[in-house]
Amino acid sequence: MIQDVLSDDNISFEKGDFTWQEAIQEVSKPLLKKEIITENYVRTMIEDVEKYGPYIVIGPHLALAHDRPEDGAKRLGLSLAILYNRLPI
């Protein structure tokens with residue numbers, strides 16, 4: 001179940017203007033900190049979008065960044081980042 005892998009400390013709200021590459025780096029921070037993934041995993045997520053296109057986009061304003069486990073996933077993990085540049089009125 002999702003609640004078994006998405007803990008509260010893996011959820012962040014960040015204000016700022018992010019490129020899609022920066023968004024992947026931002027959402028990866030909790031997993032890197034817990035050593036669930038490696039820097040190589042983050043790098044290959046970005047490289048694969050550059051190579052194959054935006055296959056991670058699953059809906060408007062929603063992307064599920066991921067890569068192959070052998071690229072640096074040490075165990076199952078999930079993080080969520082809500083990135084915004086202003087709060088809706």
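If you go through the range 7-26 and pick out every residue that is among the hydrophobic types (A, V, I, L, M, F, W, C) and touching a Leu at 6+ places or on another chain (Cβ under 7 Å), you end up with 3. Only residues that are at pLDDT below 95 and either touching a Leu at 6+ places or on another chain (Cβ under 8 Å) or within 19 Å of residue 77 (Cβ to Cβ) (or both) were counted in the range 51-61, giving 0. Across the range 8-19, the qualifying residues are those that are assigned to a loop (DSSP other than H, G, I, E, B) and at negative phi, and the one among them that is surrounded by the most Cβ atoms within 10 Å (Cβ to Cβ) is 18. Among the conditions (1) more than 24 Å from residue 85 (Cβ to Cβ); (2) of a type outside the set (D, E, K, R); (3) modelled with pLDDT under 95, the only one that residue 16 does not satisfy is (1). Per this entry, residue 81 is not counted among residues that are among the hydrophobic types (A, V, I, L, M, F, W, C) and part of a loop (DSSP other than H, G, I, E, B).
Identify, please: which residue in the range 73-89 is open to solvent by 100 Å² or more (accessible area, probe 1.4 Å) and aliphatic (A, V, I, L, M) and is, among those, farthest from residue 7 (Cα to Cα)? Ranking the qualifying residues of the range 73-89, first place goes to 89. Since residue 1 meets every condition but one in (1) open to solvent by 80 Å² or more (accessible area, probe 1.4 Å); (2) hydrophobic (A, V, I, L, M, F, W, C); (3) modelled with pLDDT of 95 or more, which condition does it not meet? It is condition (3) that residue 1 fails. Looking at the range 20-72 only, could you name the residues that are in contact with a strand residue (DSSP E or B) (Cβ under 7 Å, 6 or more places away or on another chain) and open to solvent by 40 Å² or more (accessible area, probe 1.4 Å)? Scanning the range 20-72 gives 57, 63, 64.
With the structure loaded, tell me whether residue 37 is within 12 Å of the chain's Cα centre (by Cα) and β-branched (Val, Ile, Thr) or whether it fails that test. Criteria met by residue 37.
The values are calculated or read from the model by the stated rules, or taken from the named source; none is laboratory data. Quick caveat: nothing in here was measured; it's all calculated off a predicted structure. Here the Cβ is made from the backbone with ideal geometry for all residues, glycine too, and neighbour counts use every protein chain on show. The area values use the complete protein model at the heavy-atom level, side chains included, leaving out ligands, DNA and RNA. Shrake-Rupley method; radii C 1.70, N 1.55, O 1.52, S 1.80 Å.
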